[in-house]
Amino acid sequence: MKAYILFQTDVHKTKSSRVCFGVFSTEEKAIIAAKENDLYSCQSEVVIIECDIDKFEEL
């Protein structure tokens, strides 16, 4: 089973600038949430990472 983690980051997409905004069951739900909450802007980027549930790894 997969989970999709929604992050907002700077335009350079550095890991240190990531802010987590939620975990979703589908990528489409994550995109809708990002649009509804105005996470897309000229000064920031949205990153959605697909992860396996019940698996240990570094994000």
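Remark: spin-label model distance Ala3-Ile32 equals 2.0 nm, labels positioned 7 Å along the Cα→Cβ axis. Taking the inverse of the mean 1/r over every pair of distinct Cα atoms in the chain gives a Kirkwood hydrodynamic radius of 11.8 Å. What is the helix-to-structure angle for 27-36, meaning the angle in degrees between its Cα long axis and the longest Cα principal axis of the chain, kept from 0 to 90 and rounded to the nearest 10? Approximately 30 degrees, to the nearest 10. Loop-located trypsin sites (Lys or Arg not before Pro) in the chain (DSSP state other than H, G, I, E, B) with a sparse environment of at most 14 neighbouring Cβ atoms within 10 Å: Lys13, Lys55. When +1 charges are put on Lys and Arg Cβ atoms and -1 charges on Asp and Glu Cβ atoms, the dipole computed for the chain relative to its Cα centre reaches about 100 debye. Considering only Ser16, Ser25, Ser41, the Gaussian network model of the chain with Cα springs below 10 Å gives its largest mean-square fluctuation to Ser16. Each of the GluC sites (Glu not before Pro) that DSSP puts in a loop and that has at most 15 other Cβ atoms within 10 Å breaks the chain; the longest unbroken stretch is 1-56.
The calculated FRET efficiency for the pair Thr14 and Cys42, based on their C-beta separation and a Förster distance of 22 Å, comes to about 0.80. Solvent exposure of the chain, expressed per residue, is 75 Å² of accessible area, with all protein chains present and a 1.4 angstrom probe.
The values are calculated or read from the model by the stated rules, or taken from the named source; none is laboratory data. Predicted model only: the values in this text are computed from it and were never measured. Here Cβ is always computed from backbone atoms with ideal geometry, including for glycine, and neighbour counts include all displayed protein chains. All accessible areas refer to the heavy atoms of the entire protein, side chains included, with ligands and DNA or RNA removed. Shrake-Rupley method; radii C 1.70, N 1.55, O 1.52, S 1.80 Å.
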